[in-house]
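The values are calculated or read from the model by the stated rules, or taken from the named source; none is laboratory data. What you see is a predicted model; the values in this text were computed from it and never measured. Positions of Cβ are backbone-derived with ideal geometry, glycine not excepted, and every protein chain shown enters the neighbour counts.
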Amino acid sequence: MKIEADLHVHTVASGHAYSTVEEITKEAAKKGLKMVAITDHGPGLPGGAHLYHFWNLRIMPQELNSVRILKGVEANIVSSDGELDLTDEYLEPLELVHAGFHPSCGYESGSAALNTKVLIKVMDNPLVDFIVHPGNWKFPIDPETLVDAALEKGMALEINNSSFLPTSSRNSARSFDLPIANLAYKKRLQVIISSDAHIYTHVGVVDKAVELAVSAGLDEEQIINTSVRKVLDYLTTRRAQR
C-alpha cells in the first residue's frame, strides 16, 4: 500500500518537535511522498505554536522540494463543549484542520461516553477536517458510536503510526485502534494513515499503522491519503459543506 501524502507532521514550531519545513520536505521527496501537511500543535498545548504562527502560514510556499505543502494545525480540544484552542478566525484560512485530545490542554479525560460525546461535538465544527489518534487509552471512547458519528458527518478518522512506537505516550495503542479500524472497514468509513512525525526522519514512516489497517481489512479505496487527488477532493467536499 502506497501512501502519497503524510497529513500529520510537526515542525520546530510545535515546541517539542525538532525539524524545519525544509528538512521535512526534503525527506518527504526522498521517500517518494507527493504531499505533506504541516500540522503544528495549537497554543493550548504547553510549548505549542503561538497564534501568530498560524496566521502567518500564508507566507509558506505551496510547494517545496517538489512536495505539495498543506498549511494546517493539530488543534487541541480544550473543553467538554468541544471548543478548540484556535478560534474560527485562525482556523478558516488553513487548508487542513486536525482536532484531538491531549493532556494538559484544558479538557481532562472523562468516561468513554463523555469523551465520545465531546469528539462528536468537535465533528460538528465545520472547520474541522479530521479527528486524530482517537485510539488513546488516556481518553477512552466508544468505538462504534464514534465511527457511526464520523460516517454520518462525513469525517475521516486517523490511524496514527506514532501511537505504535515505543516512545509514544499512547502505549497499548493497537488494542484501542484495532476496534476502530475494524468498524471503519465494516461500515466503509474513510480513514487517513499518518506518521505524526516530530522529527524529519519519521516523515512518511507509517508501516505499523498500515499493518494494522490491512489486518482490519481496510483497502486503498477507504484510505484517503493513498492519493493526493483523494486528499484534495475530500478537503474540497468538507469546505463545500461549510
Residue in the range 54-66 that is surrounded by fewer than 24 Cβ atoms within 10 Å (Cβ to Cβ) and assigned to a strand (DSSP E or B) present: yes
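State yes or no: is Glu89 under 27 Å from Glu221 (Cα atoms) and either surrounded by fewer than 23 Cβ atoms within 10 Å (Cβ to Cβ) or in contact with a Leu (Cβ under 8 Å, 6 or more places away or on another chain) (or both)?
Working: under 27 Å from Glu221 (Cα atoms): no; either surrounded by fewer than 23 Cβ atoms within 10 Å (Cβ to Cβ) or in contact with a Leu (Cβ under 8 Å, 6 or more places away or on another chain) (or both): yes.
For Glu89, the condition - under 27 Å from Glu221 (Cα atoms) and either surrounded by fewer than 23 Cβ atoms within 10 Å (Cβ to Cβ) or in contact with a Leu (Cβ under 8 Å, 6 or more places away or on another chain) (or both) - is not met.
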In the range 71-86, the residues that are of a type outside the set (Gly, Ala, Ser), surrounded by 23 or more Cβ atoms within 10 Å (Cβ to Cβ) and within 15 Å of the chain's Cα centre (by Cα): Val73, Glu74, Asn76, Ile77, Leu84
Residues located in the range 204-235, provided they are touching a Lys or Arg at 6+ places or on another chain (Cβ under 7 Å), of a type in the set (A, V, I, L, M) and under 20 Å from His98 (Cα atoms): Ile224, Val228
Filter result for Gly72 (part of a strand (DSSP E or B), among the small types (Gly, Ala, Ser) and touching a residue at least 24 places away in the same chain (Cβ under 8 Å)): yes
Some residue of the range 157-175 being aliphatic (A, V, I, L, M), buried (at least 18 other Cβ atoms within 10 Å of the Cβ) and in contact (Cβ under 8 Å) with a residue 60 or more places away in the chain: no
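Quick check, is Gly32 in a loop (DSSP other than H, G, I, E, B) and surrounded by fewer than 20 Cβ atoms within 10 Å (Cβ to Cβ)?
Numbers: in a loop (DSSP other than H, G, I, E, B): yes; surrounded by fewer than 20 Cβ atoms within 10 Å (Cβ to Cβ): yes.
For Gly32, the condition - in a loop (DSSP other than H, G, I, E, B) and surrounded by fewer than 20 Cβ atoms within 10 Å (Cβ to Cβ) - is met.
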The lone exception for Ala37 - which of (1) of a type in the set (A, V, I, L, M); (2) over 16 Å from Asp129 (Cβ atoms); (3) touching a strand residue (DSSP E or B) at 6+ places or on another chain (Cβ under 8 Å) it fails: (2)
Single residue of Ile120, Ile131 found to be crowded, with 16+ Cβ neighbours inside 10 Å, over 29 Å from Asp207 (Cβ atoms) and free of Cβ contacts under 8 Å to residues at least 40 places away in the same chain: Ile120
Selection count where residues are over 19 Å from the mean Cα position of the chain (by Cα) and under 21 Å from Ala5 (Cβ atoms), scope the range 32-57: 1
Test: residue in the range 11-26 that is assigned to a loop (DSSP other than H, G, I, E, B) and under 26 Å from Tyr234 (Cα atoms): yes
Residue within the range 95-109 that is touching a Pro at 6+ places or on another chain (Cβ under 9 Å), among the hydroxyl-bearing types (Ser, Thr, Tyr), crowded, with 18+ Cβ neighbours inside 10 Å and at pLDDT 95 or above present: no
Search result, residues across the range 118-145 that are hydrophobic (A, V, I, L, M, F, W, C) and closer than 19 Å to Asp196 by Cβ: Leu119, Val122, Val128, Phe130, Ile131, Val132, Trp137, Phe139, Ile141
Positions within the range 194-222 being outside any helix (DSSP H, G or I) and buried (at least 23 other Cβ atoms within 10 Å of the Cβ), in sequence order: Ser194, Ser195, Asp196, Ala197, Val203, Gly204, Val206, Leu218
Condition met for Lys187 (of a type outside the set (Val, Ile, Thr), within 25 Å of Asn76 (Cβ to Cβ) and surrounded by fewer than 20 Cβ atoms within 10 Å (Cβ to Cβ)): no
